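A short write-up of the structure that comes next.
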Amino acid sequence: QLQFVESGGGLVQAGGSLKLSCAASGFPLGTWTIGWFRQAPGKAREGISCISKDGGPAKYADSVKDRFTISRDSENTVDLQMNSLKPEDTAVYFCAASQIGICTVRNEVWYDHWGQGTQVTVSA
């Protein structure tokens, strides 16, 4: 069974940084397109970044562009470096995997497997 674990969440002051990691158990993440999503209390889940399994360009939602960077740190991890954090970035962050070669932050239905999420809280 495919399993993902997100880590790296926590409490940070506005303007600070955090790095989230998505790790896979038992299979190489390099064979999957990986997306990062987040869900704030009372809001719909939002796609924020993705990286294709086929080497295409990473994509970002406008809300995080130029502040967040997605990368494959190793064969089994995908990281999300988050800089210049804002209180509105507070949410539970999830990674998800898709076999579709083109990544998207708009169609979460393309993603078949999801992690449990990690909480990120940004204080003002």
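The values are calculated or read from the model by the stated rules, or taken from the named source; none is laboratory data. None of these values were measured; they are calculated from a predicted model. In this analysis, Cβ positions are derived from the backbone assuming ideal geometry, glycine residues included, and neighbour counts consider all displayed protein chains. Note: areas computed on protein heavy atoms with side chains; ligands, DNA, RNA excluded. Shrake-Rupley method; radii C 1.70, N 1.55, O 1.52, S 1.80 Å.
What accessible area per residue comes out for the chain, rounded to a whole number of Å², with a 1.4 Å probe? Mind showing how you got there, number by number?
Working: 6210 Å² over 124 residues.
Using a 1.4 Å probe on heavy atoms only, each residue of the chain averages 50 Å².
Just how much of residue 73 is accessible, in Å², when a 1.4 Å probe is used and the result is rounded to the nearest 10?
Result for residue 73: roughly 100 Å² accessible.
Could you order the peptides 28-41, 75-88 from most to least packed, using the average number of other C-beta atoms within 10 Å per residue? Each step should come with its number before you reach the end.
Details: 28-41: 19.3, 75-88: 17.4.
In decreasing order of mean packing, 28-41, 75-88 become 28-41, 75-88.
Within the range 1-41, find all residues whose amide N lies under 18 Å from a label point positioned 7 Å from the Cα of residue 74 along Cα-to-beta-carbon.
3-9, 19-32
Looking at the chain, what % of its DSSP beta bridges pair antiparallel, to the nearest 5? Show your work: numbers first, answer last.
Numbers: 36 of 40 bridges.
Here the antiparallel bridges make up roughly 90 percent for the chain.
Only four residue types carry charge here, +1 at the Cβ of Lys and Arg and -1 at the Cβ of Asp and Glu. Report the dipole size of the range 45-124 about the Cα centre in Debye, rounded to the nearest 20. If you can, show how the numbers build up before the last one.
On the way: 8 positive and 11 negative charges, 24 e Å.
For this selection, approximately 120 debye.
Compute for the range 1-119: radius of gyration divided by Kirkwood radius, i.e. Rg/Rh, restricted to C-alpha atoms, rounded to two decimals. If you can, show how the numbers build up before the last one.
Values: Rg = 13.0 Å, Rh = 14.0 Å.
Checking Rg against Rh, the ratio lands at 0.93.
Just to be sure I follow: if Rg is taken over the C-alpha atoms of the range 52-124 and Rh is the Kirkwood radius over the same atoms, what is Rg/Rh? Mind dumping the intermediate values first?
Values: Rg = 12.9 Å, Rh = 13.6 Å.
Rg divided by Rh gives 0.95.
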